[in-house]
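Participant: Okay, handing you the structure first.
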Amino acid sequence: MRGYHRRRRPGVRAVSTVISVVLLLALTVILVGVLATFRFNLPTSSPKVWYTAEGNESEEAWGDPTDCTNTSIYAACDPLPAVFLSVTSFTPTFIPLNQLKLIFICNGTELMNGTLKALSIVPGSGANPGPGSPVLQSCGSWTWGSGHGSSGTFFNRLLYYQQKTPGLPGIQDGDILVVYSHPKLAFTDRGGNFPDDDYHGAPLWCFTVQNACTLYLDYTSGTSTSLVFSISLFQLSGV
């Protein structure tokens, strides 16, 4: 007896392949359409700020009315040694000052913490800083002068942010962060105190001991915080 063989109809396999390809393309189109409806919030990069450091500078003691001839407008004050950090460029094109926070770590403790907006003053104006401005906290076990300076002293005995255009809400090329350094023991203040009787800038060993004092600039957006830059005052000793 001859065996029975079912004859396969021509074209069935080819039609199945075509249907599979059509279904695959349809699923691909649907998947792309679904994905297109979602917006992925990818993490954005931290703002960047570039600056130049200028050492061996001097700046008047705007934060210390006892070293000024006029305690209401601080018209003329004794000069103090200082370092200038001058903004040269930044990205993106607008960075709000109230979202840039400067933290000064001194001898293992937080000496100062405030936004660049809060640290901005107009040199020579007695109206700044106002109530609620950041105050100095502690620098480890280090004390200054004969003890009249203390926690609660306004930040501008240590540093301040000088805007090229006062009142501008964002950072600008030409803005300067002025960091006072504690005068040498030979410094005599306007009242004749020797050495000086209260707080006048970061202690000199901040500039001679590696990692003793560090400035951190953070950018805060919502609940996220990212580091813009950090700089040890030791790095500024040779500028």
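Participant: Looking for something part of a strand (DSSP E or B), hydroxyl-bearing (S, T, Y) and at pLDDT 80 or above - is there at least one such residue anywhere in region 57-64? Explain how you work it out, then say what you get.
Facilitator: Taking region 57-64 first, the residues part of a strand (DSSP E or B) are 57-60.
Remaining after also requiring hydroxyl-bearing (S, T, Y): 58.
After this cut, where a residue has to be at pLDDT 80 or above as well, the list is 58.
Yes, region 57-64 contains at least one residue that is part of a strand (DSSP E or B), hydroxyl-bearing (S, T, Y) and at pLDDT 80 or above.
Participant: Still on this structure, I have one more. Quick one: would you say F94 is at pLDDT 95 or above and more than 26 Å from E60 (Cβ to Cβ)? Talk me through it step by step, then tell me what you get.
Facilitator: Working: at pLDDT 95 or above: yes; more than 26 Å from E60 (Cβ to Cβ): yes.
When the stated conditions are applied, F94 passes them.
Participant: What are the residue pairs meeting all of these: first residue in region 169-197, first residue hydrophobic (A, V, I, L, M, F, W, C) and part of a loop (DSSP other than H, G, I, E, B), second residue crowded, with 20+ Cβ neighbours inside 10 Å and modelled with pLDDT under 75, Cβ atoms under 8 Å, and 6 or more apart or on different chains?
Facilitator: Cβ pairs passing all conditions: F187/D196.
Participant: Could you check F155 against (1) buried (at least 18 other Cβ atoms within 10 Å of the Cβ); (2) within 30 Å of T93 (Cβ to Cβ); (3) modelled with pLDDT of 95 or more and say which number it fails?
Facilitator: Unmet for F155, out of (1) buried (at least 18 other Cβ atoms within 10 Å of the Cβ); (2) within 30 Å of T93 (Cβ to Cβ); (3) modelled with pLDDT of 95 or more: (3).
Participant: May I pose another question? Taking region 94-120 on its own, how many of its residues are of a type outside the set (G, A, S), part of a loop (DSSP other than H, G, I, E, B) and touching a Gly at 6+ places or on another chain (Cβ under 8 Å)? Break it down stepwise before answering.
Facilitator: Quick first cut of region 94-120, residues of a type outside the set (G, A, S) only: 94-107, 109-113, 115-117, 119.
With part of a loop (DSSP other than H, G, I, E, B) added as a condition, the list becomes 94-95, 107, 116-117, 119.
Now drop any that are not touching a Gly at 6+ places or on another chain (Cβ under 8 Å), which leaves 94-95, 107.
Within region 94-120, residues that are of a type outside the set (G, A, S), part of a loop (DSSP other than H, G, I, E, B) and touching a Gly at 6+ places or on another chain (Cβ under 8 Å) number 3.
Participant: From the list G147, G170, which residue is modelled with pLDDT of 95 or more and of a type in the set (G, A, S)?
Facilitator: Working: G147 fails: modelled with pLDDT of 95 or more.
Matching residue, one of G147, G170: G170.
The values are calculated or read from the model by the stated rules, or taken from the named source; none is laboratory data. This structure is a prediction, so every number in the text was calculated from the model and none was measured. Don't worry about glycine lacking a Cβ; one is built from the backbone with ideal geometry, like all the others, and counts go over all protein chains shown.
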